[in-house]
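> Here it is: the structure, laid out below.
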Amino acid sequence: EVQLVQSGAEVKKPGESLKISCKGSGYSFTSYWIDWVRQMPGKGLEWMGIIYPGDYDTRYSPSFQGQVTISADKSISTAYLQWSSLKASDTAMYYCVRRSGSLRALDYWGQGTLVTVSS
Amino acid sequence: QSALTQPASVSGSPGQSITISCTGTSSDVGDYNYVSWYQQHPGKAPKLMIYEVSNRPSGVSNRFSGSKSGNTASLTISGLQAEDEADYYCSSYTTSSTLAYVFGTGTKVTVL
């Protein structure tokens, strides 16, 4: 069974750093792109970027370029999303998602990680 | 990259059919047959309902169907059921950069 299991909810202060994780199982982790998607409270889905764990090729949405870093460790089938200095506006649910090459769509979603940034 | 445009809300009675539109540009919806639709119930992660404009993944009810004309894609739910009440998002590849993805603004479907 394909699964993406994300790390737990986080509460941070503005200016702090954070790295959240997404562990894949049930499939060849290095053969599929992993996307990250943001959903701010009460708002829609926003595409942040993508990484290919096989060779760590990474692309970012212009809206998120320079704001976050996407990485992965294929030895432990885990992708990461990190911030060096959080802002209150980073408060959101973050989803990691597997991108199916054959379906050209996001077929398996993690359960989401809620990040709350508040002083 | 601007979000694709969807109506904020659509409603219908049980058994009826409803259609949700998703309007993009010639740089996304109009240029690719890689339009997908996702269903999101409150507090849950989204779920893939339609891929490549009109294909259903295994396990998705055939009451859900998709189509596209020019820069506008559509999702139709026929035989509306209470469990269909959710938010729906369209998405598309975009020419802005390789593998770039764009979502729609989202539509709240209410079953009356």
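Every number here is computed from the coordinates shown, using simple stated rules; none is lab data. Please read all numbers here as calculations on a predicted model, not as lab measurements. We place every Cβ from the backbone using ideal geometry, glycine too, and count neighbours over all the protein chains shown.
> Alpha carbon centre of segment A:93-119 versus segment A:53-75: separation in Å?
13 Å
> Across segment A:63-68, in residue order, what do the Karplus-derived ³J(HN,Hα) couplings come to in whole Hz, using 6.51 cos²θ - 1.76 cosθ + 1.60 with θ = phi - 60° and x for Gly and Pro?
Computed from phi, the couplings for segment A:63-68 are 5, 10, 4, x, 9, 9 Hz.
> Find which of B:Val111, A:Leu4, A:Val115 sits farthest along the positive direction of the dipole of the protein assembly as shown, computed with +1 on the beta-carbon of Lys and Arg, -1 on that of Asp and Glu, about the Cα centre.
A:Val115
> Can you pick out the pairs among B:Lys47/B:Lys108; B:Lys47/B:Lys68; A:Lys23/A:Lys43 whose Cα atoms lie more than 24 Å from each other?
In this structure, A:Lys23/A:Lys43 exceed 24 Å between Cα atoms.
> Classify chain B as rounded, prolate or oblate from the Cα gyration tensor: take a ≥ b ≥ c as the square roots of its eigenvalues, call it rounded if a/c is under 1.5, otherwise prolate when a/b beats b/c and oblate if not.
It comes out prolate by the Cα gyration axes.
> Is the C-alpha gyration tensor of segment B:54-112 telling us rounded, prolate or oblate? Criteria: a/c under 1.5 is rounded; beyond that, a/b larger than b/c is prolate, otherwise oblate.
The shape class here is prolate.
> For segment A:7-119, just say rounded, prolate or oblate: build the C-alpha gyration tensor, square-root its eigenvalues into a ≥ b ≥ c, call rounded for a/c under 1.5, and beyond that prolate if a/b exceeds b/c, oblate if not.
Here segment A:7-119 falls in the prolate category.
> Based only on other Cβ atoms within 10 Å, what is the fewest-to-most ordering of A:Arg99, B:Arg63?
By the 10 Å Cβ count, ascending: B:Arg63, A:Arg99.
> Tell me, B:Cys90, A:Cys22, B:Cys22 in order of fewest to most beta-carbon neighbours within 10 Å?
Fewest-to-most ranking of B:Cys90, A:Cys22, B:Cys22: A:Cys22, B:Cys22, B:Cys90.
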